[in-house]
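I have placed the structure first, in the form of structure tokens, so that the comments after it can refer back to it.
The values are calculated or read from the model by the stated rules, or taken from the named source; none is laboratory data. None of these values were measured; they are calculated from a predicted model. Glycine also receives a Cβ, built like all others from the backbone with ideal geometry; neighbour counts cover every protein chain displayed.
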Amino acid sequence: MARGNGHRKRIALQPLSKPPEGRAVLNFQGGPYVHAGVHEVDFVCGICGKVVASVPDKIQFMSDTGPVIFVCYACGAYNEAP
């Protein structure tokens, strides 16, 4: 885990060839998801390194079927949330 953007942590997400059946997929076109409030962590695409979400520390993106999948707005890669 590297630090970047001032004091924010950067976490590289795990890229997937395709999302598992039934998993929640978040696709924010035109830029990263930015959580309201404090942004302590940047989740970055495991393929191209672009920030796909800026969120508070210790936030979890889970659905009933497992970790949420982010679609990178820059390269289209599927990335599994930690």
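Consider ASP42 carefully, then state whether it is out of contact with any Leu (no Cβ under 9 Å at 6 or more places or on another chain), in a loop (DSSP other than H, G, I, E, B) and of a type in the set (D, E, K, R).
Considered against the rule, which asks whether it is out of contact with any Leu (no Cβ under 9 Å at 6 or more places or on another chain), in a loop (DSSP other than H, G, I, E, B) and of a type in the set (D, E, K, R), ASP42 comes out as no.
Among the residues of segment 58-75 satisfying the criterion of being of a type outside the set (Val, Ile, Thr) and part of a loop (DSSP other than H, G, I, E, B), which is nearest to ARG10 (Cα to Cα)?
Looking at residues that are of a type outside the set (Val, Ile, Thr) and part of a loop (DSSP other than H, G, I, E, B), I get LYS58.
Answer yes or no: is there a residue in segment 50-57 that is at pLDDT below 90 and part of a loop (DSSP other than H, G, I, E, B).
Scanning segment 50-57 turns up at least one residue that is at pLDDT below 90 and part of a loop (DSSP other than H, G, I, E, B).
Out of the residues in segment 34-49 that are hydrophobic (A, V, I, L, M, F, W, C) and over 19 Å from SER17 (Cα atoms), which is modelled with the lowest pLDDT?
That would be ALA36.
Tell me, which residue of segment 14-33 that is polar (S, T, N, Q) and part of a strand (DSSP E or B) is modelled with the lowest pLDDT?
Per the criteria, the residue is ASN27.
State which residue pairs qualify: first residue in contact (Cβ under 8 Å) with a residue 40 or more places away in the chain and within 13 Å of HIS35 (Cβ to Cβ) and inside segment 51-68, second residue of a type in the set (Ser, Thr, Tyr) and surrounded by 14 or more Cβ atoms within 10 Å (Cβ to Cβ) in any location, beta carbons under 9 Å apart, and separation of 6 or more residues or different chains.
Close Cβ pairs (under 9 Å, with a partner that is of a type in the set (Ser, Thr, Tyr) and surrounded by 14 or more Cβ atoms within 10 Å (Cβ to Cβ)) amount to SER54/TYR33.
Please go through segment 54-72 and pick out each residue that is over 16 Å from PRO19 (Cβ atoms) and surrounded by 16 or more Cβ atoms within 10 Å (Cβ to Cβ).
SER54, VAL55
Which residues, counting only those in segment 14-50, are hydrophobic (A, V, I, L, M, F, W, C) and in contact (Cβ under 8 Å) with a residue 24 or more places away in the chain?
Those that are hydrophobic (A, V, I, L, M, F, W, C) and in contact (Cβ under 8 Å) with a residue 24 or more places away in the chain: LEU16, ALA24, VAL25, LEU26, PHE28, VAL41, PHE43, VAL44, CYS45, ILE47, CYS48.
Checking ALA12 against (1) in contact with a Gly (Cβ under 6 Å, 6 or more places away or on another chain); (2) loosely packed, with under 11 Cβ neighbours inside 10 Å, which test does it fail?
It fails just one condition, (2).
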